[in-house]
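First up is the structure itself, then whatever we jot down about it.
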């Protein structure tokens, strides 16, 4: 596949809007990640790792 064909193929792709369920999944994933990061930070603050 030549550069021109590849460029033409990529320029023809249109992005589709996210479905409502996809938006919810992204929101839940980010929320769970932030909550777990906060829990880890608090756990490390009160129970520091000593070697």
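The values are calculated or read from the model by the stated rules, or taken from the named source; none is laboratory data. Treat the numbers as computed from the prediction; the structure is a model and nothing was measured.
On the stretch given as the stretch 18-51, residues that are more than 19 Å from the chain's Cα centre (by Cα) and outside any helix (DSSP H, G or I) total 5. Among the residues of the stretch 4-17, some residue qualifies, meaning at least one is at pLDDT below 95 and under 17 Å from the mean Cα position of the chain (by Cα).
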